[in-house]
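Since the structure comes first, as structure tokens, the remarks are kept for the end.
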Amino acid sequence: MSDDTPLLVRALRGEPTPRRPVWLMRQAGRYLPGYQRVRAEVSFLDMCRRPDLAAEVTLEPVERFGVDGAVVFSDILLPLEAMGVAVEFDDRGPLIPEPVRDAAAIGRLAPFDPLAGTPWILETIERLRADLPREIPVIGFSGAPFTLAAYAVEGRISKNLTHVMGLRWRDPRAFQALLDVLAEATIPYLAAQAQAGAGALQVFDTWAGEMARDDWARFALPSIRRIFDGVRRLLGDACPPLVLFTKGTSAWLELLPESGADAFSVDHRLPLGECRRRLGGAPVQGNLDPTCLHGTRDAVREATRAMLASVAGQPGVVANLGHGVIVGTPPENVGAFVREVQAWRDEAAPAPDGRPA
């Protein structure tokens, strides 16, 4: 891979980099003034569907903080809309007015064509690729089948996911069919994002940890593997790095490499170095506790240094959070995190205070 390949892409491929690349999940969000200004004028869904606005809010954190990747502003549920599942957003988050709760409803899901169903995200990526310097890749993404199913079946996410897990126990064949349909829809969705210019692709299985290990391995894992295999088949040598994010899976990290992902984004439940070890040395991304950004800037810097020290000297590391930026996060603390990561150098032994000597 050439030296002009973006740092983020090189790290996700497991290559050494002169410093750790850094970006934040949900970095283009409600904590930023530019987002708030745009959101005051239009609905959330309109922001997603208008490439000019989606590109504007995507670029804000890149320009403000100097992060090493631009994650496209969108939402994982938009493909569901194109499959015939109505999606609404209010102050409590997403709402599915007519949940998908049985085999008949699953059978009515429409085939998904990203060119027809979600053209705006592709245009947004094209705009971003034209506006950004080469060294800042666009990060495309999707929801994982189980996480998409959780929203589609629950209607409104509940603490225990009783409806979607009830479907698993009541009709496991229908549950598996739903995951299969969602996996097949996600393959062209991600491939189209790469063809539009995305330099990395991340699949979010945010609700993975709500399943038992054996259930995740039986149902969710094969559907994710199906996605990654399918995207690679469609894109061939042009396939960008494929990243899997799971939340709440610390007890069974060893299963994740079976997904076929190139790199793994992990939550903050374990030190990043421990995660990498249990993932067999695969490239990792993470995993600062997002609540840390609600503390002092000194606390942010200290926690960031501790995170980076746990993977000192190891290639294939991207600094990020263990989940998305939380609403109300002080932007100044995000800036402190990014600057601390970009100042860190592994080739120097940490001084007593944790900073490079």
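The numbers here are math on the coordinates, done by the rules we state, and not lab data. As the structure is a computational prediction, the values presented were derived from the model and not from experiment. Every residue, glycine as well, gets a Cβ built from its backbone with ideal geometry; the counts of neighbours run over all protein chains shown.
Extending 7 Å from the Cα toward the beta-carbon at both Glu41 and Asp298 defines two label points whose distance is 4.2 nm.
Sorted ascending by nearby beta carbons within 10 Å, beginning with the fewest, Ile227, Ile96 become Ile96, Ile227. Largest GNM mean-square fluctuation among Ala261, Ala174, Ala220, using the chain with Cα springs under 10 Å: Ala174. A straight line joining the Cα centroids of segment 171-233 and segment 58-100 runs 17 Å.
Could you tell me whether segment 147-191 comes out rounded, prolate or oblate from its Cα gyration tensor? Rule is a ≥ b ≥ c as square roots of the eigenvalues, rounded for a/c under 1.5, then prolate if a/b exceeds b/c, otherwise oblate.
On the way: a/c = 3.76, a/b = 1.52, b/c = 2.47.
Here segment 147-191 falls in the oblate category.
Calculated FRET efficiency, Ala177 to Ala116, Cβ-Cβ distance, R0 = 35 Å: about 0.90 to the nearest 0.05.
Taking the Kirkwood radius as Rh and the Cα radius of gyration as Rg, the chain has a ratio of Rg/Rh equal to 0.95. For segment 1-108, GluC sites (Glu not before Pro) are listed when DSSP marks them as loop and at most 12 other Cβ atoms sit within 10 Å of their Cβ; the list is Glu41.
Count Lys and Arg as plus one, Asp and Glu as minus one, and take only other residues whose Cβ is under 10 Å from that of Asp289; the net charge is then 0.
Taking 45 Å as R0, compute the FRET efficiency from the Cβ-Cβ separation of Asp214 and Glu98 and round it to 0.05.
0.90
Take every pair of alpha-carbon atoms less than 8 Å apart whose residues are at least six positions apart; their mean separation over the length of segment 7-142 yields a relative contact order of 27 percent.
The HN-Hα couplings worked out from phi for segment 201-209 by the Karplus form 6.51 cos²θ - 1.76 cosθ + 1.60 (θ = phi - 60°) are 10, 10, 9, 9, 10, 5, 9, 4, x Hz, whole numbers, x standing for Gly and Pro. Taking every C-alpha pair closer than 8 Å and separated by at least 6 residues, the mean separation divided by the residue count of the chain gives a relative contact order of 21 percent. A Gaussian network model of the chain, with springs between Cα atoms under 10 Å, assigns the largest mean-square fluctuation among Pro18, Pro271, Pro330 to Pro18.
Can you put Thr291, Thr5, Thr246 in order of Cβ neighbours within 10 angstrom, beginning with the fewest? Walk me through the intermediate numbers first.
Numbers: Thr291 13, Thr5 16, Thr246 29.
Fewest-to-most ranking of Thr291, Thr5, Thr246: Thr291, Thr5, Thr246.
Listed from fewest to most Cβ neighbours within 10 Å, the set Phe44, Phe65 follows the order Phe44, Phe65. If you run the Gaussian network model on the chain, springs between alpha carbon atoms under 10 Å, then out of Thr296, Thr118, Thr186 the most flexible one is Thr296.
Under the simplified labelling scheme, the Asp4-Asp91 pair shows an inter-label distance of 5.1 nm, with each label point 7 Å from Cα along Cα→Cβ. The distance between label points at Arg134 and Asp229 comes to 3.6 nm (points 7 Å beyond Cα on the Cα→Cβ vector). Taking the DSSP beta bridges with both ends in the chain, the antiparallel portion is around 15 percent.
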